[in-house]
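The values are calculated or read from the model by the stated rules, or taken from the named source; none is laboratory data. Note that the coordinates shown come from a computational prediction; the quantities given were computed from them, not determined experimentally. Neighbour counts are summed over all protein chains in view; Cβ atoms, including those assigned to glycine, are modelled from backbone coordinates with ideal geometry.
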Amino acid sequence: MYAHRYRRVGMMKNVVIACQTIKDELNLAIKETQCRYPVVWIDSSYHLHPDKLRLKLQEEVDNLRNIDNILLAYGFCGNAIVGLKASGANLIFPRTDDCISMVLGCSEGNKMKAAYFLTRGWIESPGGIMVDYSNAVKRYGEEKTERIFRLMLKHYNKLVVIDTGAYNLVDYIQKVQKFARISNLDLVIEKGSIGLLKKLLTGPYDDKFCIIKKEQEVNIDDILF
């Protein structure tokens, strides 16, 4: 609905704010589009606390001045972006639930409701389940940790690793195979995409994106599909 206002952003002054979990994918999108915009990286641990994430994003948005657009490489992330104010520039972000949807595609994600998704970013994230498992083993031992995680993941039936093409999956396959086995989950490798991230960088913007004009605020209606 906003495509007629913003056909392309290549000649504008843009800054990207992005989560560390999609660093591989965003860096590849930047390389392929040659959009050399500055990137402000946000620690992935903020995902565990949507209210704290909102405050951190607002802090970073407020710090940016003399630019046209802030390209927010975030999904809705538990409504963490609701209430975010475009204090110094337009906010542009994709209409996706989270960063998994951003690199997988909403339609594919909806087909696997009982699936737990991983990328390298989430495998290595300090707030991710793989790091949580390693920490739990140190504290409780393997046998007790396996029981805990099987209980935690009992409502899932698949462990889906998204191959976005932005990292070498071979380096992680043994680790995720082990985690799938101890969690009683079927391991699935799913092809991902950086197409939405590339479009965030270059435009044009269609109804898959939301544009919040400068001085406006993100409300719940803005993020509805």
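Descriptive notes on the structure:
- Qualifying residue in segment 154-162 (condition: part of a helix (DSSP H, G or I) and among the charged types (D, E, K, R)): no
- If you filter segment 59-75 down to residues that are assigned to a loop (DSSP other than H, G, I, E, B) and surrounded by 22 or more Cβ atoms within 10 Å (Cβ to Cβ), you find that the one that is modelled with the highest pLDDT is Y74.
- Screening segment 2-26 for residues that are more than 20 Å from E60 (Cα to Cα) and modelled with pLDDT of 95 or more and picking the one that is surrounded by the fewest Cβ atoms within 10 Å (Cβ to Cβ) gives D24.
- Residue within segment 188-197 that is among the β-branched types (V, I, T), at pLDDT 95 or above, under 26 Å from I70 (Cβ atoms) and in contact with a Leu (Cβ under 9 Å, 6 or more places away or on another chain) present: yes
- Matching residues in segment 76-99 - criterion: being among the hydrophobic types (A, V, I, L, M, F, W, C), at pLDDT below 90 and out of contact with any Leu (no Cβ under 8 Å at 6 or more places or on another chain): F76, C99
- Filtered residues of segment 147-169 (kept if within 30 Å of K198 (Cβ to Cβ) and of a type in the set (D, E, K, R)): K158, D163
- Here segment 163-183 is the region considered, the condition is being in contact with an Asp or Glu (Cβ under 6 Å, 6 or more places away or on another chain) and in a helix (DSSP H, G or I), and the residue that is farthest from A29 (Cα to Cα) is I182.
- Selected residue (only one of Y172, Y140, Y116, Y133 is out of contact with any strand residue (DSSP E or B) (no Cβ under 7 Å at 6 or more places or on another chain), within 26 Å of L197 (Cβ to Cβ) and hydroxyl-bearing (S, T, Y)): Y172
- Extreme residue, nearest to S183 (Cα to Cα), among residues of segment 130-163 that are in contact with a Leu (Cβ under 8 Å, 6 or more places away or on another chain) and of a type outside the set (D, E, K, R): L153
- Qualifying residue in segment 204-219 (condition: touching an Asp or Glu at 6+ places or on another chain (Cβ under 7 Å) and either hydroxyl-bearing (S, T, Y) or in a loop (DSSP other than H, G, I, E, B) (or both)): no
- Looking only at residues in segment 184-203 that are β-branched (V, I, T) and not in a strand (DSSP E or B), the one that is farthest from C99 (Cα to Cα) is T202.
- The set of residues in segment 16-72 that are over 20 Å from Q216 (Cβ atoms) and polar (S, T, N, Q) comprises Q20, T21, N27, T33, Q34, S44, S45.
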